[in-house]
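Peer 1: Supplied in structure tokens, the structure appears directly below.
The values are calculated or read from the model by the stated rules, or taken from the named source; none is laboratory data. Since the model is a prediction, treat every value here as computed from it, not as a measurement. All Cβ positions, even for glycine, are placed from backbone atoms using ideal geometry, and neighbour counts span all protein chains on display. SASA here: full protein model, heavy atoms, side chains in, ligands and nucleic acids out. Shrake-Rupley method; radii C 1.70, N 1.55, O 1.52, S 1.80 Å.
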Amino acid sequence: MSAPAIDPVRTPVTASPARKSAGKQRATPARFDTALGWSDRPGPAWVLRVLLCVLALGVFAAPFLTVFSGSFSEKASGSTLSFLPHHPTLLNFEVAGERGIWDYFGNSLLIAGGGLLLQLVVCTLAAYALARHRFRGQALILTLFMLTMMLPEEVIAIPLSLVLGHVPVVGIDLKGTVWGVILPLGAWGFSVMVLTEFMKDIPTEIEEAARIDGVGELRMLWQVVLPLCKPALGVAGVLGFIMIWDQYLLPLIAAKDPTDYTVTVALSILRTDPEVGSGVVLAGAVIALVPSLIVYLLLQRSLVTGIAAGATKG
């Protein structure tokens, strides 16, 4: 009998320290790697990118700094670029308050809050039906929602004014009320599109498991679908609030009296008032700017997450 073959002892091959360090360098990305090849190592390209970032920051930040400094300046000029207020004062805000800017601000808050709530509810229900159900004419309905985004406000201003003055079927006059501004903003094609595409990516297995447990449609939407759509809701919430807050033509045609105006319309009134200067107009602009900044700062993480999720989808 022949002796059994004995496998030779295999000694582990260890990589040299130089190879390990080289592998780590290749595997570990640079701290500032981006799609444009950003690197934290100094060089001509690094200096050029820094200069471009500073230039872009100056282009976007200069108007904001000018508005803020002018609103606190005693003698402000809309044609002068200034980053620091000259003789700081709150007189501009006091004059703007005397002109009723805070009443217009309250109208804007009421319209923006009610309009955004109605818009999110309507767009969420529409997106859920378009994304999680199949029916005839589904693509046509989604296309109609998209077409509403292609119509300029100036095109529908006169027909909308006639409808608000005498609502068909019910015959109610909505002019002079907040509902005349809120109801036309109840649905937005952009929010419907964002929420629909996000809900389509929710696995059907989750929905099937919930239906086995006896979950109905509304509970499915509230407890299963919506918690998974928080990034998309953040995008729809931030952009929807800014869209409603910046409305100018709709509050103008829906108002019966100047007291019904919003803060955006009030700025044009201040601009044409010969008794007030540029500082009062800039103070009103700061008041109108603050809510949008607060909403963006509070929901910026959801906004960035939702945009990133949409960009990397698929």
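Peer 1: Just to be sure I understand, how many residues within the range 157-187 are within 24 Å of the chain's Cα centre (by Cα) and part of a helix (DSSP H, G or I)?
Peer 2: 7
For every residue, the table says whether it meets (1) within 27 Å of Gly176 (Cα to Cα); (2) of a type outside the set (Val, Ile, Thr).
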position: Leu84; (1), (2): no, yes
position: Thr89; (1), (2): no, no
position: Val122; (1), (2): yes, no
position: His133; (1), (2): no, yes
position: Phe145; (1), (2): no, yes
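Peer 1: Inside the range 238-254, can you point out the residues that are out of contact with any helix residue (DSSP H, G or I) (no Cβ under 6 Å at 6 or more places or on another chain) and open to solvent by less than 30 Å² (accessible area, probe 1.4 Å)?
Peer 2: Correct list: Gln247 only.
Peer 1: While we're here: Quick check on the range 86-107. Is at least one of its residues surrounded by 15 or more Cβ atoms within 10 Å (Cβ to Cβ) and among the basic types (Lys, Arg)?
Peer 2: yes
Peer 1: Quick one: which residue in Gly310, Gly306 is modelled with pLDDT under 90, part of a helix (DSSP H, G or I) and either buried (at least 18 other Cβ atoms within 10 Å of the Cβ) or in contact with a Gly (Cβ under 6 Å, 6 or more places away or on another chain) (or both)?
Peer 2: Unique residue meeting the criteria: Gly306.
Peer 1: Restricting attention to the range 132-156, which residues are open to solvent by less than 80 Å² (accessible area, probe 1.4 Å), in contact (Cβ under 8 Å) with a residue 40 or more places away in the chain and over 22 Å from the mean Cα position of the chain (by Cα)?
Peer 2: Of everything in the range 132-156, just one residue is open to solvent by less than 80 Å² (accessible area, probe 1.4 Å), in contact (Cβ under 8 Å) with a residue 40 or more places away in the chain and over 22 Å from the mean Cα position of the chain (by Cα), namely Arg132.
Peer 1: Something else now. Out of the range 188-212, which residues are closer than 13 Å to Leu130 by Cα, in a helix (DSSP H, G or I), open to solvent by 20 Å² or more (accessible area, probe 1.4 Å) and out of contact with any Cys (no Cβ under 6 Å at 6 or more places or on another chain)?
Peer 2: Answer for the range 188-212, where residues must be closer than 13 Å to Leu130 by Cα, in a helix (DSSP H, G or I), open to solvent by 20 Å² or more (accessible area, probe 1.4 Å) and out of contact with any Cys (no Cβ under 6 Å at 6 or more places or on another chain): Met193, Val194, Glu197, Lys200.
Peer 1: Among the candidates Leu120, Leu91, Leu48, which residue alone is within 30 Å of Val276 (Cα to Cα) and modelled with pLDDT of 85 or more?
Peer 2: Exactly one residue qualifies, and that residue is Leu91.
Peer 1: If the requirement is being part of a helix (DSSP H, G or I), farther than 28 Å from Ala210 by Cβ, among the hydrophobic types (A, V, I, L, M, F, W, C) and under 18 Å from the mean Cα position of the chain (by Cα), which of these qualifies: Leu293, Leu270, Leu282, Leu252?
Peer 2: Only one candidate qualifies: Leu293.
Peer 1: Moving on to the next point. List pairs: first in the range 191-220 and closer than 25 Å to Gln119 by Cα and small (Gly, Ala, Ser), second open to solvent by less than 60 Å² (accessible area, probe 1.4 Å) and at pLDDT 90 or above, Cβ under 6 Å, 6+ apart or cross-chain?
Peer 2: Ser191/Cys123; Ser191/Ala236; Ser191/Gly240
Peer 1: Does Ala209 fit the bill of being among the small types (Gly, Ala, Ser) and in contact with an Asp or Glu (Cβ under 9 Å, 6 or more places away or on another chain)?
Peer 2: no
Peer 1: Applying the selection to the range 255-276, what residues are crowded, with 19+ Cβ neighbours inside 10 Å and either closer than 11 Å to Ala96 by Cα or aliphatic (A, V, I, L, M) (or both)?
Peer 2: Scanning the range 255-276 gives Ala255, Val263, Val265, Ala266, Leu267, Leu270, Val276.
Peer 1: Another question, then. Which numbered condition trips up Gly115, out of (1) open to solvent by less than 20 Å² (accessible area, probe 1.4 Å); (2) at pLDDT below 90; (3) touching a Gly at 6+ places or on another chain (Cβ under 9 Å)?
Peer 2: Failed condition: (2).
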